[in-house]
Each structure stands twice: as structure tokens, then as C-alpha cells.
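Notes to accompany the following structure.
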Amino acid sequence: MPPLAALILDWVMTACWPIIGASGMAYFSGLLFTTAGLLLGVVALSPWLAARGRWKTLLDRRTGPAMLGMGFFSGAATAIFISALRYTTPANAAIMAQVEVLYSALLCAFFLGESITQAQAAASALVIAGTGLIMLHDLSSPRWKGDLMILATPWMFQVSHMLSKRLPAELDSLSLAGGRAVYGIVAMAPFCWYSLRHGGRWSWRPQALQVLAVQGLLMSSINFVVWYRAIRNMDLSKATAFILSYPALTLFFSWALGRERVSGTQVLGLLVTLAGATWMSLLVLRAQDARQPRFLPETPGTDLVP
């Protein structure tokens with residue numbers, strides 16, 4: 001599958017994810033739902049992991065630590081995100097998650113020493129204004145608690161994605177997806193044990209198992225594969241810039257399915273947040289392009305000269 005096609009498919013599935021997570025919260029605790037979904041994802045990917053020595057690669061000392069980091073950060077972020085959907089709505093969750101561009105800029109500033117420009121600060125202000133508008137609107141309802149929990153997750157996803165980019169280039173998307181799921185289970189297992197001993201919710205009802213199957217077979221397997229197919233073959237910032245528009249699709253799906261009534265505050269918050277997130281992404285892309293080495297046209301008998 002071409003990287004762009006994989007990215008578009010991931011965009012659609014990501015838009016569905018908050019709705020799937022909200023459905024799961026009717027039957028499960030967020031941590032148990034997340035980890036059980038990862039387990040189903042590993043089962044679904046097992047035939048491909050058994051081929052071409054992928055299991056051996058996952059357990060290799062060169063790749064294991066980075067994949068454990070991927071599994072821990074993505075697993076923890078997913079569990080918190082899904083748990084937050086007990087309080088807030090899928091549309092709100094998708095909009096609040098747009099602060100990921102702020103975390104991305106801060107991580108680049110911290111790890112790469114990149115300064116934050118005035119334009120980036122202005123774009124960040126728009127993102128904060130859009131999410132803050134929704135937070136203020138929700139202060140009189142239980143949604144604000146879920147909104148705050150969502151704000152805590154994007155940096156963890158960013159760290160997980162950065163770790164995946166540092167793994168050997170020969171690893172394919174199936175290996176990365178399998179590693180994220182397997183090590184996610186390993187990282188989340190102790191917390192699941194604690195949850196089960198302290199009132200964690202679980203249901204064997206057919207409707208509950210259907211939602212869990214969708215989470216596992218769609219979000220914890222296919223979604224992982226297409227995402228890594230995309231970001232391993234294009235810049236992470238470009239993929240992130242494209243995927244940022246998914247809250248609009250989540251808002252539409254949530255409304256069309258009758259899960260929530262769309263308010264004017266949500267629409268305004270979405271527009272302001274997307275404006276800031278898109279602006280920030282464009283600034284990052286321009287900065288990356290400026291850092292790329294430029295080459296003179298190749299002439300016969302000479303090498304490319306920087």
C-alpha cells in the first residue's frame with residue numbers, strides 16, 4: 001500500500017477511534033479495554049509476525065528497548081485517552097488532542113535545541129484558545145475532567161512515534177505494529193493486575209465483546225500497520241500535519257450516529273484549534289525544508305556538490 005493511501009486510511013480510522021473508545025467505556029475500564037484490545041491485535045497479526053523471522057526481530061536486544069518504550073508510552077496514552085471518554089464526548093476528545101502539535105514543538109525545542117519563533121507562539125496561542133474555549137464551556141459539567149485527561153496524552157504518543165523513527169530502517173510496518181502491541185501488553189500487564197484487584201470493570205456481554213473486537217482487530221492491528229507504513233516512508237511532521245484534520249470527521253461521525261448534539265462552542269473551538277494546529281504544522285514543515293541540504297544540478301563527470 002502506498003504511504004499516502006495508508007495515511008488516508010489511518011485518518012479515517014483515527015476519526016472513528018474516540019467513538020469506539022466511548023462505546024467500550026460502557027462495559028470496561030479503560031486500562032482493561034486497552035490491553036485486551038492489544039492482545040486481540042497481536043492474535044490478528046500473529047500469522048504475519050511468524051513469517052520472515054519477525055518474532056525473532058521483536059525480541060532482539062537492538063530493537064526490544066525502543067519497542068518497550070513505544071509500547072509503554074502508547075499504551076499509557078491510549079488507556080488515559082479511552083478512560084477520559086467516560087466523562088467527555090468523542091468530538092471533544094478529538095479536538096482537545098490537537099495540543100499534540102504544541103508537545104511536538106516543545107519536544108523539538110528540548111531535545112534538538114530548536115527555538116520557538118513568534119509565529120509558532122502565535123499558532124500555539126490559537127490551539128490553546130480553541131481548546132480553552134471548550135474547557136471553559138465544560139466547567140459546569142463532568143466533561144472538564146475528561147478534557148483535562150485528554151490534554152495529558154498527546155506528548156506520550158509523540159514520544160512513542162519518535163522512538164519508532166529511531167528503530168532500524170529495515171523493520172517493516174508489520175514488525176513495528178507487532179512490537180508496539182506486544183510490548184504494550186508487557187508494559188500494561190502490572191497495571192491491569194492492579195485494576196482487576198481494585199474494581200476494574202469487565203463485561204462478557206455480546207455487545208461488549210463486539211466493541212472489544214473492533215478495538216482489537218481495527219485499532220490495535222490494522223491501524224498500527226497503516227500508521228507505521230505511512231510515517232516510516234514520509235516525514236513524521238508531514239504525516240501529523242495531514243492527520244490533524246481528523247476531529248472534523250469525528251465530529252461528523254459522532255453527530256451522524258446520534259451520539260451527541262454538536263454545539264456552536266464545539267464548532268468554534270474546532271475551527272480555532274485546527275487553524276492554530278495547521279499553522280503550526282506549516283511552520284514546522286518550512287523549518288524542515290530550510291534545514292534540508294540543497295544540491296547543485298548534476299553534471300556529467302561530477303558528483304553532487306552540497
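For every residue, the table says whether it meets (1) modelled with pLDDT of 90 or more; (2) more than 15 Å from the chain's Cα centre (by Cα).
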{"position": "4", "(1), (2)": "no, yes"}
{"position": "39", "(1), (2)": "yes, yes"}
{"position": "49", "(1), (2)": "yes, yes"}
{"position": "75", "(1), (2)": "yes, no"}
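The single condition among (1) part of a loop (DSSP other than H, G, I, E, B); (2) farther than 21 Å from residue 231 by Cα; (3) touching a residue at least 24 places away in the same chain (Cβ under 8 Å) that residue 1 does not satisfy is (2). Hey, any hits in the stretch 10-25 for a residue that's under 18 Å from the mean Cα position of the chain (by Cα) and under 26 Å from residue 55 (Cα atoms)? Yes; the residues of the stretch 10-25 include at least one that is under 18 Å from the mean Cα position of the chain (by Cα) and under 26 Å from residue 55 (Cα atoms).
Screening 187, 230, 213 for residues that are of a type in the set (Gly, Ala, Ser), in contact (Cβ under 8 Å) with a residue 12 or more places away in the chain and surrounded by fewer than 18 Cβ atoms within 10 Å (Cβ to Cβ) leaves exactly one candidate, 213. Condition check for residue 80 on (1) closer than 14 Å to residue 151 by Cα; (2) modelled with pLDDT of 85 or more; (3) crowded, with 20+ Cβ neighbours inside 10 Å: one failure, at (3). In the set 175, 164, 124, 195, only one residue is modelled with pLDDT under 70, part of a helix (DSSP H, G or I) and surrounded by 13 or more Cβ atoms within 10 Å (Cβ to Cβ); that residue is 124. On the basis of being modelled with pLDDT under 85 and either surrounded by 20 or more Cβ atoms within 10 Å (Cβ to Cβ) or among the hydroxyl-bearing types (Ser, Thr, Tyr) (or both), does residue 158 make the cut? When the stated conditions are applied, residue 158 passes them.
The values are calculated or read from the model by the stated rules, or taken from the named source; none is laboratory data. These numbers were taken from a predicted model, which means no experiment stands behind them. No Cβ is skipped: glycine too gets one built from the backbone with ideal geometry, and neighbour counts run over all protein chains shown.
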